[in-house]
1. Taking the chain as the reference, fit the longest principal axis to its C-alpha atoms, fit the long axis of helix 120-133 to the helix C-alpha atoms, and give the angle between the two in degrees, 0 to 90, nearest 10.
2. Over the chain, average the accessible area per residue using a 1.4 Å probe and give it in Å², no decimals.
3. What relative contact order, as a whole-number percentage, does the chain give when Cα pairs under 8 Å and 6 or more residues apart are counted?
4. So what's the projected area for the chain, the Cα convex hull averaged over all directions, in nm²?
5. Taking a probe of 1.4 angstrom, what is the accessible area of VAL139 in Å², to the nearest 10?
6. For a Förster distance of 30 Å, can you work out the FRET efficiency between the beta-carbons of ASP138 and PHE158, rounded to the nearest 0.05?
7. Along the Cα→Cβ direction, 7 angstrom out, place labels at MET1 and TRP121. What is the inter-label distance in nm?
8. So what's the angle, to the nearest 10 degrees on a 0 to 90 scale, between helix 2-20 and the longest Cα principal axis of the chain?
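The values are calculated or read from the model by the stated rules, or taken from the named source; none is laboratory data. Note that the structure is a prediction, hence the values are computed from the model and not measured. So basically every Cβ, Gly included, is an ideal-geometry build from the backbone, and we count neighbours across all protein chains shown. Accessible surface is based on the protein model in full, side chains and every heavy atom, while ligands, DNA and RNA are left aside. Shrake-Rupley method; radii C 1.70, N 1.55, O 1.52, S 1.80 Å.
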Amino acid sequence: MAYDIGVGLHVMLVWSMMALSSHADLQRRADKEDVGAVIVLALTMIAAIASFVAIGVELHSVKDLQEGRAPPRLALAAGTILLSWLFVHTTFALHYAHDYYAGADDRQGLRFPGEHRPDYWDFLYFSFNLGAASQTSDVVIEAPRMRRFVLAHTILSFLFNTTILALAINVGASLL
């Protein structure tokens, strides 16, 4: 539960910051706050693995619980999955936004449709598209540096989504 509370609070605070940020705020953060892509990827993978450990611990004994005790455990596991998924793709969105606006023009690497400068919500859209479908829709990835990061994000998303599907099948089968 502590993991869920921490991740939920983090996602809520990041989304609040995004909602209240102007392009100038985004640019200022990009110039000073973004850590390297390798660190972001490593921390996100650690968080994904930690969520699966928490889910595994939670679901390990669901089958052997007394009548009426399984639904709260399953609800907690489902909440952990949802919060972890939101956390992973929100973290990638932050990195995409900061990498896009940090430094030289050649770092942008993404072309969004329309004439406006992308804001945090555009990067959330891009990140969650990759997370849900393991592909992009109407955003073009132009820079090799960005393509490498998107490749890592897509692979992590595929593994995350496949693991969630496997857990769901396993839990469903064990409850029958």
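1. Helix 120-133 sits at roughly 50 degrees to that axis.
2. Result: 56 Å² per residue.
3. 25
4. Reported value for the Cα convex hull: 10.8 nm².
5. 10
6. It comes to 0.90.
7. 3.5
8. Relative to the chain, helix 2-20 is tipped by roughly 30 degrees.
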